[in-house]
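In what follows, a single structure is set out as structure tokens and then discussed.
The values are calculated or read from the model by the stated rules, or taken from the named source; none is laboratory data. Keep in mind that this is a model prediction, so the values were computed, not measured. Don't worry about glycine lacking a Cβ; one is built from the backbone with ideal geometry, like all the others, and counts go over all protein chains shown.
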Ligand code: GLU
């Protein structure tokens, strides 16, 4: 029998999640990017975008924070849209590394491919694949236009975050040039790294992220603007990547306990997708050791478990 999911039930459950998690003192802001270390740690918001376009939210859902690694999702989709899903598999890959997001050892072990566009190496490689090759301005326009369409409204660069990250991204510089060494970067390494750093420094709200999740959940149709943002058949590919590595080396634990594919960012955001049903986003800056928001994880887990939502089970939902 189909379960009924409506805005008032969701409203109740996300408020419960908010109350249960808001005083949690676990984790710490990302400290390796100076801008992120100074964001108020108490910010917390949860937003859900249902497939029918209803938005249900609580807390700081219009606070603009750094999208960080969640930006790896739209750019991977953009590359699939421009060059086809097979190109991503061939040139980057779709495997989890089981290692931290910025691991150099993962590249040394794999040698032949960076593994997935959802870790730093594969994301820099994905930026190198964005068309048109060699034209930083046009590539950047393609990335930001796609982000706008996916989220249903414009995102703006947080200049201070971009500067902070550009001044300290020595590890990512090494990754870009190591990819060059293995023939796994498809444009100038410095240009590709700069695009990656810029996309990570885009400011986003939890509401916008939930709409992006809703667009993926609806096979590329933005539930708010109704625009077809990407080809329908691409959604299962991006959801499979998110499910495989969205929480880096904690991805298995996450899926086991939450049942929903989700991608995190060191800015404190998490974007979850329940295909056909909803996008869900939560934001709270303090992170665990793998770089995943502590409160946002707890809140989303509470919601999926309370509603009995799980992509691995025989659950069917009707949105009322
Ligand atoms: N810009 C960050 C980095 O490259 C993103 C990491 C993340 O959000 O996981 O280190």
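Numbers at a glance
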item	result
Enumeration of residues in segment 61-116 that are within 16 Å of the ligand (Cβ to nearest atom), over 17 Å from the mean Cα position of the chain (by Cα) and part of a helix (DSSP H, G or I)	105, 106, 107
In segment 8-39, the residues that are within 16 Å of the ligand (Cβ to nearest atom), touching a residue at least 60 places away in the same chain (Cβ under 8 Å) and assigned to a loop (DSSP other than H, G, I, E, B)	27, 29, 30, 32, 33, 39
Test: residue in segment 313-320 that is more than 16 Å from the ligand (Cβ to nearest atom) and over 20 Å from residue 48 (Cβ atoms)	yes
Number of the condition not met by residue 248 [criteria: (1) surrounded by 18 or more Cβ atoms within 10 Å (Cβ to Cβ); (2) on the phi > 0 side of the Ramachandran plot; (3) modelled with pLDDT of 95 or more]	(3)
Identity of the residue in segment 208-235, in contact with a strand residue (DSSP E or B) (Cβ under 6 Å, 6 or more places away or on another chain) and surrounded by fewer than 22 Cβ atoms within 10 Å (Cβ to Cβ), that ends up nearest to residue 75 (Cα to Cα)	220
Near pairs, Cβ below 8 angstrom, 6+ apart or cross-chain, from segment 91-104 (under 11 Å from residue 245 (Cβ atoms) and without any contact (Cβ under 8 Å) to a residue 40 or more places away in the chain) to any residue that is more than 11 Å from the ligand (Cβ to nearest atom) and in a loop (DSSP other than H, G, I, E, B)	93/113; 93/114; 93/115; 93/116
Of all residues making up segment 152-164, the number that are buried (at least 21 other Cβ atoms within 10 Å of the Cβ) and in contact with a strand residue (DSSP E or B) (Cβ under 7 Å, 6 or more places away or on another chain)	3
Any hit, segment 290-311, residues being closer than 16 Å to residue 36 by Cα, at pLDDT below 90 and over 14 Å from the mean Cα position of the chain (by Cα)	yes
Only one of 167, 137, 188 that is within 20 Å of residue 74 (Cβ to Cβ) and surrounded by fewer than 23 Cβ atoms within 10 Å (Cβ to Cβ)	137
Strands (runs of 3 or more DSSP E) contained in segment 169-281 and holding at least 2 residues farther than 26 Å from residue 11 by Cβ and touching a residue at least 12 places away in the same chain (Cβ under 8 Å)	202-204
